[in-house]
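Here is the structure we will look at, set down as structure tokens.
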Amino acid sequence: MIALIAIAAVAGLSAFTAVGVKDQTYVASPEFSANAEASSENVVVYYSRSGHSEAVAREVAKRLKAPISRIDADYPLSFGGQTKAIADAEAKAFPLINVESLDLRPAKRVYLVSPTWMFRPAPPLWTFVRQSDLSGKDVVLIMTGNSRFKQEEIDKFSHLINSRGGHLIHQEFIRRGRVYWQMSRGELLDTVNSSMNELAPQH
């Protein structure tokens with residue numbers, strides 16, 4: 001029995017360490033910028049701390065040939081940053097953000113991409129919606145995560161979008177895996193591409 005407890009403790013510590021290291025690691029992806037002739041009917045706005053949601057956002061923007069804008073927030077890649085991220089997610093806080101320049105006015109559809117923290121979109125996405133004019137715009141929400149989301153939290157996010165004049169028309173959750181098994185970057189992007197029929201505008 002003592003041996004089993006010891007093994008469980010070591011496994012738990014290993015899992016905690018793996019999560020800690022993973023959440024302090026940024027995984028880069030090829031940059032994408034829409035050219036001057038690209039349509040601005042679709043825009044992509046994203047927050048990403050470790051780079052996975054960023055890769056998804058860039059793939060969506062590339063497929064749509066859409067302008068893309070990054071949200072920055074004060075969640076550094078450290079245990080302190082991880083602790084702050086969890087605390088803000090639990091408190092349902094609206095953190096200060098900086099957003100790359102993007103004109104939302106001509107957009108008919110806005111793609112919001114975010115990791116899933118505490119079963120809901122990461123706090124920077126909530127701040128972005130709260131301070132944006134989404135009048136008359138359809139919104140597609142794409143979340144990445146290792147666990148799951150809660151529909152009641154998505155409903156709250158949808159209500160916030162409605163309060164800013166927009167309408168959430170589609171929600172996509174990409175489950176990247178668990179601590180000891182993660183999608184490769186290729187598998188992640190393959191999942192995005194297989195979902196594009198639902199994510200892309202219907203003509």
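Here is the figure for the range 125-140: residues that are closer than 18 Å to Q171 by Cβ and outside any loop (DSSP other than H, G, I, E, B) total 7.
Matching residues to (1) touching a strand residue (DSSP E or B) at 6+ places or on another chain (Cβ under 9 Å); (2) in a helix (DSSP H, G or I); (3) at pLDDT 95 or above; (4) surrounded by fewer than 16 Cβ atoms within 10 Å (Cβ to Cβ):
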| position | (1), (2), (3), (4) |
| --- | --- |
| I154 | yes, yes, yes, no |
| S158 | yes, yes, yes, no |
| N162 | yes, yes, yes, yes |
| I169 | yes, no, yes, yes |
| I174 | yes, no, no, no |
| L189 | no, yes, no, no |
| S194 | no, yes, no, yes |
| Q202 | no, no, no, yes |
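For the range 73-82, indicate whether the set of residues that are crowded, with 17+ Cβ neighbours inside 10 Å, at pLDDT 95 or above and not in a helix (DSSP H, G or I) is non-empty. Scanning the range 73-82, I find at least one residue that is crowded, with 17+ Cβ neighbours inside 10 Å, at pLDDT 95 or above and not in a helix (DSSP H, G or I), so the answer is yes. Do we find a residue being crowded, with 18+ Cβ neighbours inside 10 Å, touching a Lys or Arg at 6+ places or on another chain (Cβ under 6 Å) and among the aliphatic types (A, V, I, L, M) anywhere in the range 132-146? Yes, the range 132-146 contains at least one residue that is crowded, with 18+ Cβ neighbours inside 10 Å, touching a Lys or Arg at 6+ places or on another chain (Cβ under 6 Å) and among the aliphatic types (A, V, I, L, M). One residue alone among M183, M143 is within 22 Å of V60 (Cβ to Cβ) and touching a residue at least 12 places away in the same chain (Cβ under 8 Å), and that residue is M143.
Here's the yes/no breakdown for (1) touching a helix residue (DSSP H, G or I) at 6+ places or on another chain (Cβ under 9 Å); (2) not aromatic (F, W, Y):
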position: Q131; (1), (2): no, yes
position: V140; (1), (2): yes, yes
position: F149; (1), (2): no, no
position: H159; (1), (2): no, yes
position: E172; (1), (2): yes, yes
position: L199; (1), (2): yes, yes
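Does D88 count as at pLDDT below 95 and part of a helix (DSSP H, G or I)? When the stated conditions are applied, D88 does not pass them.
Taking the criterion of being assigned to a helix (DSSP H, G or I) and not hydroxyl-bearing (S, T, Y), the residues of the range 41-64 that qualify are H52, E54, A55, V56, A57, R58, E59, V60, A61, K62, R63, L64. Going by the structure shown, is A107 among the aliphatic types (A, V, I, L, M), assigned to a loop (DSSP other than H, G, I, E, B) and surrounded by 17 or more Cβ atoms within 10 Å (Cβ to Cβ)? Considered against the rule, which asks whether it is among the aliphatic types (A, V, I, L, M), assigned to a loop (DSSP other than H, G, I, E, B) and surrounded by 17 or more Cβ atoms within 10 Å (Cβ to Cβ), A107 comes out as yes.
The values are calculated or read from the model by the stated rules, or taken from the named source; none is laboratory data. Bear in mind that the values here come from a model prediction, so they are computed numbers and not experimental data. Please note: Cβ atoms are built from the backbone with ideal geometry, for glycine as well, and neighbour counts cover all protein chains shown.
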